Amino acid sequence: MARQWSLEESIRVEGADPAALYALVADLRKMGRWSPECRRVLVAAPPVRTGTRFVGLNRRGPFVWFTTGRVTTARPGEAFVFDVGVFGLPIARWGYRFEADADGTGTLVTESWQDLRTGRGSKLTTLLGTVFAGTSPERRIAVNRHGMRTTLARIAETTARRA
């Protein structure tokens, strides 16, 4: 089976506008509430902007690891994207897009992931991912698909409770 280098998952959130959903995702300190792997994000006081740096603390089962990140796109109500790496080497690009329904009754939220473990250092970051996160490149898509679906469902549930 060929390695898959990117993935997207979407959910429609009834009764929520793109700006409100963006605000949830862009508050990186709350990412541990949504993601099943991320436990905590350490970042200077919000609001985050393009260029904001942060540290992510992650756990899945017995595996614990950290990543460093940098926000690459911060367009309220439209898109929020950040790159993560370890020891200065790129690992992945994570993103969120927000598209309002034509009738204004909800928003389609799409979470995306792109594997950046290519080129210089890719063998090392692949090895580190296997050792510290317990996930080989072949399993990463299945793990990320599950995590993305969980994250999006938790965001939608939180939005529904606030309505």
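The values are calculated or read from the model by the stated rules, or taken from the named source; none is laboratory data. All of these numbers come straight from a predicted model, not from anything done at the bench. Here Cβ is always computed from backbone atoms with ideal geometry, including for glycine, and neighbour counts include all displayed protein chains. Accessible surface areas use protein heavy atoms only, side chains included; no ligands, DNA or RNA. Shrake-Rupley method; radii C 1.70, N 1.55, O 1.52, S 1.80 Å.
Brief remarks on what is shown
- J(HN,Hα) series, the range 11-26, from Karplus relation 6.51 cos²θ - 1.76 cosθ + 1.60, nearest Hz, glycine and proline x: 8, 8, 10, 5, x, 10, 9, x, 5, 5, 5, 4, 4, 5, 6, 6
- Accessible area per residue in Å² at 1.4 Å probe, computed on the range 27-163: 53 Å²
- Sequentially through the range 144-161, phi angles give Karplus couplings (6.51, -1.76, 1.60; θ = phi - 60°) of 5, 4, 4, x, 5, 5, 5, 4, 5, 5, 5, 5, 4, 4, 4, 5, 5, 5 Hz, Gly and Pro residues having no value and appearing as x.
- Length added when fully stretched, residue 60-residue 75, from 0.36 nm per residue minus Cα-Cα: 2.4 nm
- Helix axis angle, 122-132 relative to the chain longest principal axis, alpha carbon, degrees: 80 degrees
- Reported label for calculated Cα extents along the principal axes in Å given [x] 54, 45, 24; [y] 47, 38, 29; [z] 40, 33, 32: [y]
- Extension gain, residue 110 back to residue 150 (0.36 nm per residue minus Cα-Cα distance, nm): 13.1 nm
- From most to least packed by mean Cβ count within 10 Å, the peptides 13-23, 136-146 give 13-23, 136-146.
- Sites residue 103 and residue 5 - FRET efficiency at Förster radius 45 Å, r taken between beta-carbons, to 0.05: 0.80
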